[in-house]
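Input: a single structure, listed below in structure tokens.
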Amino acid sequence: MAGGWSRDGAVNEQIEASVAEELERMRTRRAPVGESLRECAECGEEIPEARQVALPGVKICIDCQEERDAQFKARPGFNRRGSKDSQLK
């Protein structure tokens, strides 16, 4: 399906690129790296060894992580590549 002056498949490529970028952003934001800490970087409580083994590179305890997760707000899904202005040109 062609979208105006774009070639066939361009719209699907834009959608797939947006999804891929968001997935990569989430992976890099959420993945701990490096050596696990023994004490939480936020509250100073001991991080259980099972958590350190399960998540290599973990920096915060379970309670602090649950607090962060409760505060997380999802970003709106705006496809900047497929904006109306770019389609009108």
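The values are calculated or read from the model by the stated rules, or taken from the named source; none is laboratory data. Predicted model only: the values in this text are computed from it and were never measured. Don't worry about glycine lacking a Cβ; one is built from the backbone with ideal geometry, like all the others, and counts go over all protein chains shown.
Listed by first and then second residue, the pairs linking a residue in the stretch 48-71 that is on the phi > 0 side of the Ramachandran plot to a residue that is of a type in the set (Ser, Thr, Tyr) and surrounded by 12 or more Cβ atoms within 10 Å (Cβ to Cβ), with Cβ atoms under 9 Å apart and 6 or more places separating them unless they lie on different chains, are Gly57/Ser36.
Considering the stretch 1-31, the residues that are of a type in the set (A, V, I, L, M, F, W, C) and at pLDDT 75 or above include one that is nearest to the chain's Cα centre (by Cα), namely Met26.
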